[in-house]
Every structure is written in C-alpha cells, then in structure tokens.
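The values are calculated or read from the model by the stated rules, or taken from the named source; none is laboratory data. Keep in mind it's a predicted model, so treat the numbers as computed, not measured. Note: ideal-geometry Cβ built from the backbone for every residue, glycine included; neighbour counts use all protein chains shown. Keep in mind that these areas ignore ligands, DNA and RNA; they rest on the heavy atoms of the full protein, side chains included. Shrake-Rupley method; radii C 1.70, N 1.55, O 1.52, S 1.80 Å.
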Amino acid sequence: MMLLLSLKPHTSPALAVGTHPPAPASSVAGASPGATRAPATGTRTVTGDTVQTRWGPVQVRVTLGSGRLTDVTAVSCPRDNPRDREINGYALPQLRREALTAQSAQIDTVSGATYTSDGYRQSLQSALDSAGL
C-alpha cells in the first residue's frame, strides 16, 4: 500500500515544458438551448430541467451575472388546486432566498413542501450545471 502511494504520476512532455492547454470555449456557446446571454451586461439566464414530482412538474430559471446567481424564478410548479397554490405561496419565496444566499442548490427542504423543494433543488442544480457552475 505504501509503495502505491509513493508513486508519482507521469507528466506529459507538453506540461513539463510549461505549455498551456487551449482555453475552454465560452460556457454559453456550449450551454444548453435554454441558456441565453445579454452581451452588454454579461447577464445570462438558464432554464433547468422540468422535474416531475408527486404533485406536478417543477422547473426553475436562473439568472447569472458576473459568475454569481442573481435571481431564481419558478417557471412551473404544481398549481392544480388551492392547496398547491398555498404551499407554493410560502415555499417558493423561501427556496429562492435560500438559493440566492447559498449560491448553489445546497438548500434546505421547506417544511410542508417536501416534493416541491426536492423538484426545485433538482431543477436548480440542472440549471447551474448547464451554466457551468
């Protein structure tokens, strides 16, 4: 075991002489079809996957500026009945605040809105992945 840990990885000749690999292409150029960029401001929006939950689909759209999450909007959420609308009325603003504070999809589940929270988190993560964050 010690012998394996003491081995040094082989370095390619290109890296040994200090050459740099080519710079990656813009994240928007290779981003999903839901990604857009406003050239003047550097702001872009990316729409996450639609996540099917027990009570209906959840999908979010993120807005990014200067590499930071600046807004999260629920594009779709369960709203078939008054109870769905009640739950979303308190859960979605809380999930949005948490996402903006965390700058990631690592957010807490809102009590009473477990399925919506899970779908929101998954859609948010897919949007962030598409944006390259």
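Considering the range 96-131, and only residues there that are among the aliphatic types (A, V, I, L, M) and in contact (Cβ under 8 Å) with a residue 40 or more places away in the chain, the residue that is farthest from Pro57 (Cα to Cα) turns out to be Ala131. Among the residues making up the range 105-115, a single one is under 17 Å from Asp49 (Cβ atoms) and either open to solvent by 70 Å² or more (accessible area, probe 1.4 Å) or at pLDDT below 95 (or both): Tyr115.
Considering the range 81-99, the residues that are open to solvent by less than 10 Å² (accessible area, probe 1.4 Å) and of a type in the set (Gly, Ala, Ser) include one that is farthest from Thr53 (Cα to Cα), namely Ala99.
Of the residues examined, Ala102 is not one that is in contact with a helix residue (DSSP H, G or I) (Cβ under 9 Å, 6 or more places away or on another chain) and either surrounded by 13 or more Cβ atoms within 10 Å (Cβ to Cβ) or not acidic (Asp, Glu) (or both).
Filtered by the rule that a residue be touching a Ser or Thr at 6+ places or on another chain (Cβ under 6 Å) and either open to solvent by 10 Å² or more (accessible area, probe 1.4 Å) or among the hydroxyl-bearing types (Ser, Thr, Tyr) (or both), the range 52-74 gives Pro57, Gln59, Arg61, Thr63, Gly65, Thr70, Asp71.
When Pro78 is tested against (1) loosely packed, with under 15 Cβ neighbours inside 10 Å; (2) at pLDDT below 95, just one condition goes unmet, and that condition is (1). Within the range 124-132, is there a residue that is modelled with pLDDT under 95, on the phi > 0 side of the Ramachandran plot, surrounded by 15 or more Cβ atoms within 10 Å (Cβ to Cβ) and of a type in the set (Gly, Ala, Ser)? Yes, the range 124-132 contains at least one residue that is modelled with pLDDT under 95, on the phi > 0 side of the Ramachandran plot, surrounded by 15 or more Cβ atoms within 10 Å (Cβ to Cβ) and of a type in the set (Gly, Ala, Ser). Taken as a whole, the structure places Ala14 among residues that are outside any loop (DSSP other than H, G, I, E, B) and either modelled with pLDDT under 90 or more than 14 Å from Leu133 (Cβ to Cβ) (or both).
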